[in-house]
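K.L.:
Before we start, here is the structure in question, set down as structure tokens.
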Amino acid sequence: MGMFLSIDTSASGLSAFRLKMDVVANNIANVNTTRTPEGGPYKRQRVVFAPRDTKVRFKSPFLPNVLKPVIGTGVRVLRVEKDDAPFRLVWDPTHPDAIKSGPKAGYVEMPNVNVVTEMTDMIAISRSYEANAMMIEHSKSIFNTALQIGRST
Amino acid sequence: MFIDSSLTKTQYLLEKGLDVCLIRQEVIADNIANVDTPHFKRMDVTFESQLARALESEKNPRFPVYLTNPKHIDFFKPLDYRTVEPKLQIEHDTNYRNDKNNVDIEKEIADSIKNTMRYRAMAQRVDDNFKMMHLALQG
Amino acid sequence: MEIFKSWDVIGDAVIQRATHPRHFGIIDKPVVSDGRKNFIGEFGDILNKQISKVNEIQLTSDELTQKLAVTPNEVNIHDVMIAAEKAQLALNFTRTIRDKLITAYQTLINLR
């Protein structure tokens with residue numbers, strides 16, 4: 001409980017969604033990158049979230065007091081991982097990175113980033129970020145209201 | 001403060017309501033922060049309905065029961081409203097997305113707005129009650 | 001009409017006798033007025049007890065304010081404000097009662 005727990009929770013949400021937004025922006029910027037330092041085209045990145053407290057939440061309605069659910073403390077980023085979806089193949093034998101031999105000769109492997117998907121994700125992330133900021137506003141408003149108790153007497 | 005007055009009961013209910021609104025604000029903040037977390041289930045706070053039931057049970061029972069033995073269990077036992085505590089419940093069985101996350105962000109935002117309005121109303125009433133008592137002391 | 005003799009009255013208790021067995025009341029037992037039955041304590045004791053309760057209210061408010069200054073994460077803001085308001089109200093009440101008591105005492109002293 002206390003005054004600042006809800007603000008910490010919302011702040012964790014804000015930083016998590018900001019990171020996700022950065023990853024999406026990076027994906028969009030690298031939508032045509034066919035050459036990366038580790039070889040091959042750019043692989044789409046995505047973020048994996050997890051709740052900040054790692055306590056197990058039991059399903060049973062009859063629980064001893066020790067195992068009862070506790071209020072969570074927000075979200076954290078587990079890892080930023082690469083998406084293993086197959087690459088897009090575009091026919092362009094004149095491209096310097098075209099495949100030279102084999103069944104896919106003449107094709108260029110383009111990154112597996114779909115701009116439409118990324119844009120949709122960006123809209124959702126924007127709304128989530130806004131909602132978290134609204135939570136902080138509400139917490140502030142609640143605090144200020146409580147400060148007014150007994151003010152005028 | 002004043003024993004056996006209706007004002008004491010109101011004061012107690014208001015203070016408990018303020019506490020519960022704070023808990024609810026934290027729970028909703030946690031739900032919204034975890035709106036994109038896979039396998040996360042939203043949490044809820046139940047208090048007002050239990051409190052209403054406890055207050056309802058203090059009124060006269062509608063169906064009086066005649067017990068032939070003092071060890072028999074009565075139909076209506078009045079529940080003391082002072083023992084009602086807020087309960088945290090996790091909604092396990094609903095799904096909203098494919099990754100088993102069931103947080104509906106619009107609902108959470110609406111709940112949070114309602115919660116804030118409730119808190120402000122209750123804090124305002126507490127302040128007014130105190131003003132009233134100060135008024136009674138004047139002169 | 002019977003007027004009670006002075007030996008029938010003890011303080012505020014009047015001895016009553018029932019003259020017929022069907023009359024209500026027990027023969028030769030004094031009827032005590034309400035004042036003695038509801039006696040809860042001396043005025044000074046009650047005053048002391050209530051003033052120490054006011055002191056407790058002040059101490060609670062102080063404790064919560066200290067928690068606010070030291071570990072704000074443990075305390076709720078409305079608890080602090082409500083406790084402060086209750087403390088102020090209790091002190092206001094006590095001051096009013098003290099003033100009235102002193103006024104009453106002075107009025108009694110100045111009786112001619």
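The values are calculated or read from the model by the stated rules, or taken from the named source; none is laboratory data. Computed from a prediction, not measured in an experiment: that's the story for all the values here. All Cβ positions, even for glycine, are placed from backbone atoms using ideal geometry, and neighbour counts span all protein chains on display. Heavy atoms of the whole protein, side chains included, go into the accessibility calculation; ligands, DNA and RNA do not. Shrake-Rupley method; radii C 1.70, N 1.55, O 1.52, S 1.80 Å.
K.L.:
Could you tell me which of the pairs A:K140/B:K16; A:K20/B:K107; A:K68/A:K140; B:K59/B:K131; A:K20/B:K16 are separated by over 27 angstrom between their Cα atoms in the structure shown?
P.N.:
Details: A:K140/B:K16 20 Å; A:K20/B:K107 23 Å; A:K68/A:K140 29 Å; B:K59/B:K131 31 Å; A:K20/B:K16 39 Å.
From A:K140/B:K16; A:K20/B:K107; A:K68/A:K140; B:K59/B:K131; A:K20/B:K16, over 27 Å: A:K68/A:K140; B:K59/B:K131; A:K20/B:K16.
K.L.:
A further question on this structure: Return the FRET efficiency for the residue pair C:T96, A:D22: r is the Cβ-Cβ distance, R0 is 45 Å, and the value is rounded to the nearest 0.05.
P.N.:
After rounding to 0.05, the efficiency reads 0.10.
K.L.:
Over all pairs of distinct alpha carbons, what does the Kirkwood formula give as the hydrodynamic radius of the protein assembly as shown, in Å?
P.N.:
28.3
K.L.:
Take peptides C:49-58, A:13-22, A:45-54 and line them up by average Cβ neighbours within 10 Å, highest first, as a rough protection proxy.
P.N.:
Working: C:49-58: 13.3, A:13-22: 19.5, A:45-54: 15.9.
Going from most to least packed, we get A:13-22, A:45-54, C:49-58.
K.L.:
Please list, by residue number, every one of the GluC sites (Glu not before Pro) in region B:43-139 that is coil in DSSP and has at most 13 other beta-carbon atoms within 10 Å.
P.N.:
Here the sparse-neighbourhood loop sites are B:E58, B:E91.
K.L.:
Which log10 I(q)/I(0) values, to two decimals, does region A:1-102 give at q = 0.14, 0.21, 0.23 Å⁻¹ under the Debye formula with one point per Cα?
P.N.:
-0.74, -1.13, -1.22
K.L.:
Right, something else. What does the highest-first list of B:94-104, C:76-86 look like by mean Cβ count within 10 Å?
P.N.:
Working: B:94-104: 13.7, C:76-86: 21.8.
Ranked by mean Cβ neighbours within 10 Å, highest first: C:76-86, B:94-104.
K.L.:
Next question. According to a simple spin-label model (label point 7 Å from Cα along Cα-to-Cβ), what is the distance in nm between C:A69 and B:E91?
P.N.:
4.5
K.L.:
Can you list the HN-Hα couplings for region C:83-93, worked out from phi with the Karplus curve (6.51, -1.76, 1.60; θ = phi - 60°), rounded to whole Hz and with x for Gly and Pro?
P.N.:
Here the 3J(HN,Hα) series is 5, 5, 5, 5, 4, 5, 5, 4, 5, 4, 4 Hz.
K.L.:
Pop out the carbon and sulfur fraction of the accessible area of the protein assembly as shown as a percent, whole number, probe 1.4 Å.
P.N.:
59
K.L.:
If you take every residue apart from A:T153 with its C-beta less than 10 Å away from the C-beta of A:T153, what net charge results, scoring Lys and Arg +1 and Asp and Glu -1? Show your work: numbers first, answer last.
P.N.:
Values: positive: A:R151, B:K131; negative: B:D127, C:E85.
Every neighbour counted, the sum reads 0.
K.L.:
Further question on the same structure: Over all residues in B:18-25, what is the mean tally of Cβ atoms on other chains that come within 10 Å of each residue's Cβ?
P.N.:
6
K.L.:
Then there's this: Hey, got the average number of other protein chain Cβ atoms within 10 angstrom for residues in B:99-105?
P.N.:
Mean inter-chain Cβ contacts per residue within 10 Å come to 1.
K.L.:
Considering every residue in A:109-120, what mean count of other chain Cβ atoms within 10 Å of its Cβ is obtained?
P.N.:
0
K.L.:
Still on this model: Could you please tell me the mean projected area of the C-alpha convex hull for region C:33-109, averaged over all directions and given in square nanometres to one decimal?
P.N.:
7.5
K.L.:
Below 12 angstrom from the Cβ of A:L67, what's the summed charge of the other residues (Lys, Arg +1; Asp, Glu -1)?
P.N.:
So the surrounding residues net to +4.
K.L.:
Another question about this same structure. Starting from the 7 Å offset along Cα-to-Cβ, what nm value, one decimal, do you get for the label separation of B:N102 and B:R125?
P.N.:
Here the answer is 3.1 nm between the modelled labels.
K.L.:
In region A:88-120, which trypsin sites (Lys or Arg not before Pro) are in a loop and have at most 11 other Cβ atoms within 10 Å, using DSSP for the loop call?
P.N.:
A:K100
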